[in-house]
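The values are calculated or read from the model by the stated rules, or taken from the named source; none is laboratory data. Here the structure is a predicted model, which means the values were calculated and not measured. Here the Cβ positions follow ideal geometry from the backbone for every residue, glycine too, while neighbour counts run over all protein chains shown. Remember, those area values only see protein heavy atoms, side chains included, never the ligands or the DNA or RNA. Shrake-Rupley method; radii C 1.70, N 1.55, O 1.52, S 1.80 Å.
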Amino acid sequence: PALPHFSDFTEMMRALGYPRLISMENFQTPNFMLVSEVLLWLVKRYEPQSDIPGDVETEQDRVFFIKAVAQFMATKAHIKLNTKKLYQADGYAVKELLKVTSVLYGAMNTQGGERAELPEEDSSKFKFDLGSKIADLKAARQLASEITSKGAVLYDLLGKEVELREARTESIARPLEINEAEKVMKIAINSVLEEVQKTKDMLNNVALDEANLEAKIEKRKLELERSQKRLQTLQSVRPAFMDEYEKIEEQLQKQYSTYLEKFRNLTYMEQLLDDHRRAEQEMFEEAANMLRLIQNRLKEEEQHLLKSGSNDDSDIEIQEDEGSDSEGDLQIMRHRIGTEALLQGRVGTRIMGSMQGGDTEED
């Protein structure tokens, strides 16, 4: 195929900074690897953050790659690429690549010329003005996105223009027949008349519904008035047994107050009884402790007396022979009598007797 713009393509790629040299012989035969490499490099040059995959191993991957690049250029750069020519990867693909390279080359030249014309002071002022108009920049971005979406819609509509043009030309070229036009007009008039009749019927139905609703509202109002009058009569009439009911209610109130008083008194008496039982229990426990202490003391004294008595056995025997009782024996007898009296007195709930023995003739 002829390559009329191939020299321009190679010069633009060299000016843009493509790392490899491209010659005419590279595109004499289909070379999809080179075309894919150039396309990916141009996309990265246009937008470094693009995420188009570079896998072109299989046929499906190549088709997906070409579609992704074409969609990216259409949405971002508004450049329409022919996917079939790009997939051929021959001289016709160079024409499609030239569309992208020409845009980038023109932008580079324009940016370089502006930088060369502007002095340092003007460039600093321009940067300052750009920074102070962030709101305008946001509005411009929003407008750019809207223009992109509307351009896509317009592109779809223009794509349908081919079929519509044919239909339009056929309709215009066809001679106008009065009979057919009259039939069509009659059909349209009949359809309009039917719609008008339907609308009138709906209006009549609305009027009937309105009349029915008004009648129902009046009926409800009359029922409400009757109910209110009946309520007033029922409120004014006193029940037959109301007097007796009030008397019984007064008696019930008095009985309830009496019940409360008795219940409080009963509760108070039960509390006093519990306190008395608790005090009596404490007294019993104290008396038992005292008795236990006294018993321990008596046991100790008896053991002491027994020990002292074993030491004086000889004296006791001599005194027994003489027929006279010693003072120690009398003391032991007193303690035993007192202990027996205490033990007998603790059989009941109270302690009976005393710690002293009764008066005898010997005493």
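One line per residue, one yes/no per condition, for (1) farther than 25 Å from ALA144 by Cβ; (2) not small (Gly, Ala, Ser):
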| site | (1), (2) |
| --- | --- |
| MET24 | yes, yes |
| GLN28 | yes, yes |
| ASN31 | yes, yes |
| LEU34 | yes, yes |
| GLU37 | yes, yes |
| LEU40 | no, yes |
| PHE72 | no, yes |
| ALA77 | no, no |
Which one of these is without any contact (Cβ under 8 Å) to a residue 40 or more places away in the chain and in contact with a Leu (Cβ under 9 Å, 6 or more places away or on another chain): PHE65, PHE72?
PHE65
Output the qualifying pairs, or none if there are none: Cβ atoms under 7 angstrom, residues six or more apart or on different chains, first residue in segment 144-161 and closer than 17 Å to LYS76 by Cα, second residue open to solvent by less than 100 Å² (accessible area, probe 1.4 Å).
THR148/THR75
What is the residue count in segment 29-55 for residues that are outside any helix (DSSP H, G or I) and free of Cβ contacts under 8 Å to residues at least 12 places away in the same chain?
4
Can you find even one residue in segment 177-197 that is under 30 Å from ALA74 (Cβ atoms), part of a helix (DSSP H, G or I), out of contact with any Gly (no Cβ under 9 Å at 6 or more places or on another chain) and outside the structural domain of ALA77 (by the TED database)?
no
Which condition number does GLU11 fail, the rest of (1) assigned to a helix (DSSP H, G or I); (2) more than 23 Å from MET108 (Cβ to Cβ); (3) at pLDDT below 85 being met?
(2)
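At least 2 residues that are at pLDDT below 80 and either open to solvent by 100 Å² or more (accessible area, probe 1.4 Å) or out of contact with any Gly (no Cβ under 6 Å at 6 or more places or on another chain) (or both) in each: list the helices (runs of 4 or more DSSP H) lying fully within segment 56-174 that qualify. I'd like the intermediate steps shown before the answer.
Values: elements: 59-72, 83-88, 91-117, 120-132, 134-159, 161-173.
Those helices (runs of 4 or more DSSP H) span 91-117, 120-132, 134-159, 161-173.
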